[in-house]
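Down below is the structure, laid out as structure tokens.
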Amino acid sequence: MDSAEPVTTTELSKAELRRAQVLDAAAKCFNNEGFHSASMSSIAAEAGMSVGQIYRYFENKEAVIAAIVEQKLAEWAKRMAEVRARNGDLLEEMMEVARFHIEKVVAPEQAALSLEFLAEAARNPRIGEIVRVVDGVMRGHLKDVLLRNGAVDDDKLEARIDMIAMLIDGWVVRGVKNPRLKKEDYLDALRPLFEILLHCPQGGGATCA
């Protein structure tokens, strides 16, 4: 029989709070120093913890960045569930998806963190796989919304999903290159492009795909 003491809700909550504390500190360090320059020591210092405490929750920096990405994915999944539950106008649903993503990275530090993750994914196979898995989940959510609204599941649909994703993701790069770019102006410019990609007549419609 296992004689280990059961983990209490209080202990679990403390562990979750500690993990969240580490992730917040790591995000700041990755943003300020870059993924490679940021050390577990600097993350520990930012979190007000010892390095040993950090290793109780995360094996290494890759595990930390994986947890941050998973955290972002959970936020995205929650918003997509809300969008799908509305079962309304397809164009407006896609605009809501774009707005959510842009609002998440509108702050310069968030844009820098996103770009840091992508740069690391290009040279680190493990991080690259995490980013690709997340991208696959996000594309799957978009595909579900389009299919629910009458889209035909073919190669063109996949290409349209990628184009939609590029237009949304492009805010991160454009926001860095042109910090004067206004969020609402960007969203207004996206609308007619979404209408074309979704095969929507002017004004949208629940089955415009």
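The values are calculated or read from the model by the stated rules, or taken from the named source; none is laboratory data. It should be emphasised that the depicted structure is a prediction, and the values quoted were computed from it without experimental measurement. Counting neighbours? That spans all protein chains shown, and the Cβs are built from the backbone with ideal geometry, glycine included. For accessibility, only protein heavy atoms count, side chains too; no ligands or nucleic acids. Shrake-Rupley method; radii C 1.70, N 1.55, O 1.52, S 1.80 Å.
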- If R0 = 22 Å, then Glu92 and Asp135, at their Cβ-Cβ distance, give a FRET efficiency to the nearest 0.05 of 0.40
- Residues of type lysines that Lys28 reaches as a straight line, Cα spacing below 19 Å, ignoring anything fewer than 8 places off in the same chain: Lys61, Lys72, Lys104
- Message: For Leu198, Leu181, give me the order by solvent-accessible area with a 1.4 Å probe, most accessible first, ignoring ligands, DNA and RNA.
- Response: Leu181, Leu198
- the stretch 63-183 - convex hull of the alpha-carbon atoms, volume per residue in Å³: 107 Å³
- In degrees rounded to 10, the 0-90 angle between helix 9-33 Cα long axis and the longest Cα principal axis of the chain is 70 degrees
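Within the chain, what whole-number % of the accessible surface is contributed by carbon and sulfur, with the 1.4 Å probe and all protein chains included in the calculation?
After summing per-atom areas, the C and S share lands at 55 percent.
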- Cα gyration tensor of the stretch 126-195, axes a ≥ b ≥ c as square roots of the eigenvalues: rounded (a/c below 1.5), prolate (a/b > b/c) or oblate? oblate
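Using a Förster distance of 25 Å, how high is the FRET efficiency between Ala15 and Glu109, based on the Cβ-Cβ distance and rounded to 0.05? Show your work: numbers first, answer last.
Values: r = 27 Å, r/R0 = 1.06.
My answer for the efficiency is 0.40.
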- Message: How much accessible area per residue does the stretch 87-176 have, counting only protein heavy atoms and a probe of 1.4 Å, in square angstrom?
- Response: 48 Å²
- Query: At what distance in nm do the modelled label points of Leu73 and Glu59 sit from each other, each positioned 7 Å from its Cα along Cα→Cβ?
  - Reply: 1.5 nm
- Message: For Ile68, what accessible surface area do you get with a 1.4 Å probe? Give it in Å², rounded to 10.
- Response: 0 Å²
- Note on the structure: Expressed in square angstrom to the nearest 10, the accessible area of Ser13 with a 1.4 Å probe stands at 50 Å²
- Query: Over the Cα atoms of the chain, what Rg and Dmax result, in angstrom?
  - Reply: 20.0, 67
- Kindly express, to the nearest 10 degrees and within the range 0 to 90, the angle between helix 155-177's C-alpha long axis and the longest C-alpha principal axis of the chain. 60 degrees
- Task: Could you work out how far helix 61-86 tilts from the main Cα principal axis of the chain, as a 0 to 90 degree angle to the nearest 10?
- Result: 40 degrees
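If I take R0 = 25 Å and measure r between the Cβ atoms of His199 and Ala81 in this structure, what FRET efficiency does the formula 1/(1 + (r/R0)^6) give, to the nearest 0.05?
Details: r = 25 Å, r/R0 = 0.99.
So, using R0 = 25 Å, E works out to roughly 0.50.
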